[in-house]
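S.K.: Dumping the structure here so I can ask a few things about it.
The values are calculated or read from the model by the stated rules, or taken from the named source; none is laboratory data. This is a predicted model, so every value here is computed, not measured. Don't worry about glycine lacking a Cβ; one is built from the backbone with ideal geometry, like all the others, and counts go over all protein chains shown. Side chains are part of the model used for accessible areas, which takes the heavy atoms of the whole protein and leaves out ligands, DNA and RNA. Shrake-Rupley method; radii C 1.70, N 1.55, O 1.52, S 1.80 Å.
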Amino acid sequence: MNILKQVKILIQKEIILEWRSKYAFNSILLYVVSTIFVCYLAFKQISPITWNTLFWIIMLFASINAIVKSFVQESRGRQLYYYVIATPEAVILSKIIYNILLLLVLTVLALVFYVLVFKNPLGDPLLYFVSVFLGSLSFASVFTMISGIASKANNSGALMSILSFPVIIPLLMVLIKLSKNAMDGLDRSVSYNEIGILIAINVVVITISILLFPYLWRD
Amino acid sequence: MTKNWWKLLASGLVIYSIIGGLLFEVPHLPILHESIRNVYFHVPMWFTMIFLYLISVIYSIKYLRSGNESYDFWAVEAINTGIVFGFLGVLTGMIWANFTWGDPWPNDPKLNGAAISTLMYLAYGVLRNSLDEDQKRARISAIYNVFAFPVMIVLLFILPRLTDSLHPGNGGNPGFGGYDLDSHMRVVFYPACIGWILIGIWITTLRYRIRLIENNKLHTLTRN
């Protein structure tokens, strides 16, 4: 069985598991919606710069909460079973791709609700959507590997934030800049640099995850 | 003696850079004035820190490939020493910034990047403390070290170049080599960098040997 087929089957498994319980997705969606609502009640009206930054900060915490479970929820026995039937590269790749999909759906839903509550004109909605896509990609690729690292330690919840914040901050800074360009409706050629950097960092992070995961896996 | 020549060289170069750095002729530039002498002390701290982190990543990769415990000790001690040099770099930079930019912590991408990368390596320490099994601790922390290093490179070297920074070499400013590091300064600056890097390696080897002794003691204690 080649690696692509393994990845496909593993992603299907993740989606089926999620679909059966709908627990993780619903809880995290509710988390985002209530956070946005709390912010709305607290802020009432905000300036465009705060609007953009606040959105990414809400998504940062929501993504951490969504992904921290991805390794903890499975029992050791079941992980051993995956180890027997699939290569570790396929396991990490399938987790990353599944988390990208999960976060993409989550971020789009959150953005819709966010725009509904906090009315703010978007200068270039398509580019803003590109930044949302790149944001989900970056959060998923960084947090998946870190949640794997944190799941090996004793209190993984607190450790997850400590380990992932320094790694995600550079990406977050570029993301906020890109989405601000999109919000202001600047010419798209201004943002090519940021898009290039985000893609480059993600390629590096995913490659390193695939290279390192075989060492993390065995226990 | 033949093995320790580089320690003598390191001490000699650092002493030379202190004497030369405070006495030799420097170019008179607006804003900087005599404070330009801090280049000899502030910049080598960062070079040493980056160099030690690089050593640590190399040893982490070596550990993952071989599982040899002593590589893990090198990796962790290089990081511990690197963090100290990072703090010294921040301290010398803050004194300098206070005189030239009027604020010990101006909102500068390079400063913020340095602070974040220090957080990253402090998190490495927390991760190590939260794992109690020796081999597991070595393996997991090596993985985090290798994972975090490329992001730190982006943070310190690529992002500041995109935004405006007060530091030379960023946001379109020419680098130090370009205009104000004249030949008078080079004769002190390069020896200072080499000297401090060697001092950093020396401290790391000492700490490594202490750790090795402590580890052996621990093993003999548990054996009896």
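S.K.: Can you tell me which condition B:Ile143 does not meet? The list is (1) more than 8 Å from every other protein chain (Cβ to nearest Cβ); (2) more than 18 Å from the chain's Cα centre (by Cα), and all the others hold.
M.R.: Exception for B:Ile143: condition (1).
S.K.: Give me the pairs, please: first residue somewhere in the stretch A:183-202 and in a helix (DSSP H, G or I), second residue anywhere and of a type in the set (Phe, Trp, Tyr) and at pLDDT 85 or above, beta-carbon distance under 6 Å, and either six or more positions apart or on two chains.
M.R.: If the second residue must be of a type in the set (Phe, Trp, Tyr) and at pLDDT 85 or above, no pairs are left.
S.K.: Applying the selection to the stretch A:177-217, what residues are within 30 Å of A:Val91 (Cα to Cα), at the interface with chain B (Cβ under 9 Å from one of its Cβ atoms) and open to solvent by 80 Å² or more (accessible area, probe 1.4 Å)?
M.R.: Hit for the stretch A:177-217 is A:Leu211, nothing else.
S.K.: I'm trying to understand the selection: among the residues of the stretch A:166-176, which are within 11 Å of another protein chain (Cβ to nearest Cβ) and open to solvent by 30 Å² or more (accessible area, probe 1.4 Å)?
M.R.: Correct list: A:Ile169, A:Met173.
S.K.: Something else now. Does A:Ser156 satisfy the criteria of being of a type outside the set (Lys, Arg) and within 17 Å of the chain's Cα centre (by Cα)?
M.R.: For A:Ser156, the condition - of a type outside the set (Lys, Arg) and within 17 Å of the chain's Cα centre (by Cα) - is not met.
Residues checked against (1) of a type outside the set (A, V, I, L, M, F, W, C); (2) touching a residue at least 40 places away in the same chain (Cβ under 8 Å); (3) surrounded by 19 or more Cβ atoms within 10 Å (Cβ to Cβ):
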| site | (1), (2), (3) |
| --- | --- |
| A:Ile67 | no, yes, yes |
| A:Glu74 | yes, no, no |
| A:Val84 | no, no, no |
| A:Thr87 | yes, yes, no |
| A:Val108 | no, no, no |
| A:Tyr114 | yes, yes, yes |
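S.K.: For the stretch B:103-153, which residues satisfy the criterion of being assigned to a helix (DSSP H, G or I), more than 21 Å from A:Ser147 (Cβ to Cβ) and either aliphatic (A, V, I, L, M) or open to solvent by 10 Å² or more (accessible area, probe 1.4 Å) (or both)?
M.R.: Passing the criteria: B:Pro109, B:Lys110, B:Leu111, B:Asn112, B:Ala114, B:Ala115, B:Thr118, B:Asp134, B:Gln135, B:Ile153.
S.K.: Does B:Tyr124 qualify as being free of Cβ contacts under 8 Å to residues at least 24 places away in the same chain and either farther than 21 Å from B:Tyr59 by Cα or touching a Phe, Trp or Tyr at 6+ places or on another chain (Cβ under 7 Å) (or both)?
M.R.: No; evaluated as a whole, the condition is false for this residue.
S.K.: Would you confirm, using the coordinates I've provided, whether A:Leu102 is part of a helix (DSSP H, G or I), open to solvent by 80 Å² or more (accessible area, probe 1.4 Å) and within 24 Å of A:Ser161 (Cα to Cα)?
M.R.: No; evaluated as a whole, the condition is false for this residue.
S.K.: Given A:Leu163, A:Leu134, which one is aliphatic (A, V, I, L, M), within 14 Å of chain B (Cβ to nearest Cβ) and either within 14 Å of the chain's Cα centre (by Cα) or within 30 Å of A:Asn193 (Cβ to Cβ) (or both)?
M.R.: A:Leu163
S.K.: Got a number for residues in the stretch B:33-66 being open to solvent by less than 40 Å² (accessible area, probe 1.4 Å) and over 16 Å from the mean Cα position of the chain (by Cα)?
M.R.: 7
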